[in-house]
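A short write-up of the structure that comes next.
No lab work stands behind these numbers, since they all come straight from the coordinates. Owing to the predicted nature of the structure, the values given are computational and were not obtained by experimental measurement. No Cβ is skipped: glycine too gets one built from the backbone with ideal geometry, and neighbour counts run over all protein chains shown.
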Amino acid sequence: MIASQAVITGVFSLTRQAIQLGYLPRMEIHHTSETAIGQIYIPRVNWLLMSCIIALVVGFGSSGSLAGAYGLAVTGAMLVDAALAMAVAILVWRWSWPLAAAVFGFLAIPDLAFFIANALKIPDGGWLPLIVACLIYFTITTWRRGRKIVASELSEGSLPLKQFLERMERAPDRVAGTAVFLTADASHTPAAFLHNLKHNKVLHERIIILQVDTMDVPVVSEANRVEVERLGKGFHTVIAHYGFTEQPDIPEALRACRPHGIAYDEMETSFFLGRETLVPSQHSRLGRWRRDWFISLSHSASATKTFFRIPPNRAIELGNQIQI
């Protein structure tokens, strides 16, 4: 029971951190505690885990048949831990390559011996953790590569924000209120902003270009939550920083901008979100299999307004078609 609970909790935690770091598509995350940040529940992952366990029990039939899969999984994890520890020693602790390789290479000798011994059990169930690892690796690399391609396609039609403001000689009509445009790069004009300007031909009195940045730390202090820059002509850029264990909250980030002269009023604020429609390309840079899998993952991702806790009655989505 303890081991099972540890696996379930670990899967939830690792999945959320992968989402925050951009390695998996957004999923619905429920926080089950008001005091403990790590107590979360991810329904989609829970159902997937249950389905896999049922298939595992039915497929192998007994715990004895699972011995090969279990042994290879444990020894493989030990080898991966040694490799990651060496990476931490080099990148974080600033050890030299020879020292890190010597220390953790020595510690990995028994792990490697156990792994080689368990490799004999690959035909008797040891193939399972290898297949699972390959599927997870395939999913993560496909999503990461696909999002980079989408980001590059979106950036091709955008101008640097400061350059856009310099060219904006005659300002369009201004309407009351605040418009917030979410983007992956606050230094460029978001696609949703350009679409809104093209079709509605108006600008709000205050324009906020907001970028959510996930840091390589668990938690970001409130003092370092936001960076605000005034660009003139009613334009501001806001970069909201979150740790990989934190859930982004856009209204909360905007309230943190008050010391910087931005007063957030929900009833006077509209959130403009880009919604990409992915169209299969005959000559995809991802390849056919990865292209179809990436499109499927994109369709399954949670809505942006839900993930970033944007009030649904204040959100406006503007579509954009992208060939992938």
Cα centroid of the stretch 200-266 to Cα centroid of the stretch 1-21, whole Å: 29
Potential extension, Glu317-Gln247 segment - 0.36 nm per residue separation minus Cα distance: 23.1 nm
Relative contact order of the chain, pairs being alpha-carbon contacts under 8 Å that are 6 or more residues apart, as %: 17
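Kindly identify the stretch 160-323 as rounded, prolate or oblate by the Cα gyration tensor criterion: order the square roots of the eigenvalues as a ≥ b ≥ c, call it rounded if a/c is under 1.5, otherwise compare a/b with b/c, prolate if a/b is larger, else oblate.
Numbers: a/c = 1.84, a/b = 1.24, b/c = 1.49.
It comes out oblate by the Cα gyration axes.
Rounded if a/c is under 1.5, else prolate if a/b beats b/c, else oblate: with a ≥ b ≥ c from the C-alpha gyration tensor eigenvalues square-rooted, which is the stretch 218-269?
prolate
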Karplus-derived HN-Hα couplings along the stretch 62-74 (A = 6.51, B = -1.76, C = 1.60, θ = phi - 60°), whole Hz, x at Gly and Pro: 8, 5, x, 6, 7, 4, x, 5, 5, x, 5, 5, 5
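Find the relative contact order for the stretch 160-323 and round it to a whole percent, using C-alpha pairs within less than 8 Å whose residues are 6+ positions apart. Let's see the in-between values first.
Working: 267 pairs, mean separation 37.3, N = 164.
Reported as a whole number, the value is 23 percent.
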Within a Gaussian network of the chain (alpha carbon springs, distance under 10 Å), most fluctuating of Ala119, Ala253, Ala184: Ala119
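For each of Thr9, Thr178, count neighbouring Cβ atoms within 10 Å of the residue's Cβ, then give the residues from fewest to most. Kindly include the intermediate steps, with their values, before the conclusion.
Details: Thr9 14, Thr178 21.
Least crowded to most crowded, the residues run Thr9, Thr178.
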Per-residue ³J(HN,Hα) for the stretch 102-115, Karplus 6.51 cos²θ - 1.76 cosθ + 1.60, θ = phi - 60°, Hz, x for Gly and Pro: 5, 5, 7, x, 5, 5, 7, 4, x, 4, 5, 5, 4, 5
On Cα atoms only, tilt of 191-200 relative to the major axis of the chain in degrees: 30
Label point at Ser302 placed 7 Å out along Cα→Cβ; residues across the stretch 38-52 whose backbone nitrogen lies under 13 Å: 40-46
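Helix-only mean residue ellipticity at 222 nm, the chain, DSSP H runs n ≥ 4 weighted -39,500 (n - 2.57), per residue, nearest 500. What is it? Before the final figure, lay out each step's value.
Values: 10 runs with 154 residues, N = 324.
Rounded to the nearest 500, it is -15500 deg cm²/dmol.
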Separation of the Val175 and Val217 label points, Cα + 7 Å toward Cβ, nm: 4.0
Residue with peak Gaussian network fluctuation, the chain [Cα springs, cutoff 10 Å], from Ser63, Ser155, Ser284: Ser63
Spatially proximal lysines relative to Lys233 (Cα-Cα < 22 Å; intrachain offsets below 8 disregarded): Lys162, Lys198, Lys201
For His188, residues with placed amide H under 5 Å, excluding near neighbours: Leu161
Stretchable slack from Tyr41 to Arg145, in nm (0.36 nm times residue separation minus alpha-carbon distance): 34.7 nm
Gain upon complete extension [Lys198, Ser13; 0.36 nm per residue less C-alpha separation]: 62.4 nm
Most mobile of Leu297, Leu135, Leu91 in a GNM of the chain (Cα contacts under 10 Å): Leu91
Structure-derived Cα extents along the principal axes in Å - corresponding label in [x] 63, 44, 39; [y] 74, 44, 40; [z] 71, 56, 45: [y]
Rounded to 10°, Cα long-axis angle of helix 127-156 versus longest principal axis of the chain: 20
Nonlocal amide H pairs with Leu24, under 5 Å, H built at 1.01 Å: Ile19
Residue-wise HN-Hα coupling along the stretch 44-59, computed from phi with Karplus coefficients 6.51, -1.76, 1.60 (Hz; x: Gly, Pro): 4, 5, 4, 5, 5, 5, 4, 4, 5, 5, 4, 4, 5, 5, 5, x
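Based on other C-beta atoms within 10 Å, arrange Ile109, Ile324 from fewest to most. Don't skip to the answer; put the middle values down first.
Working: Ile109 10, Ile324 20.
Ordered by Cβ neighbours within 10 Å, fewest first: Ile109, Ile324.
What shape does the stretch 22-138 have by the C-alpha gyration tensor, where a ≥ b ≥ c are the square roots of the eigenvalues, rounded means a/c under 1.5, and otherwise prolate means a/b greater than b/c and oblate the rest?
Judged from the Cα gyration tensor, the stretch 22-138 comes out oblate (a/c at least 1.5, b/c at or above a/b).
If I take R0 = 22 Å and measure r between the Cβ atoms of Glu205 and Glu227 in this structure, what FRET efficiency does the formula 1/(1 + (r/R0)^6) give, to the nearest 0.05? Write out the running numbers ahead of the final one.
Numbers: r = 22 Å, r/R0 = 1.00.
For Glu205 and Glu227, the calculated efficiency is 0.50.
Of all DSSP beta bridges in the chain, what percent run antiparallel (nearest 5)? Intermediate values should be presented prior to the final figure.
Details: 9 of 39 bridges.
Around 25 percent of the beta bridges assigned by DSSP in the chain are antiparallel ones.
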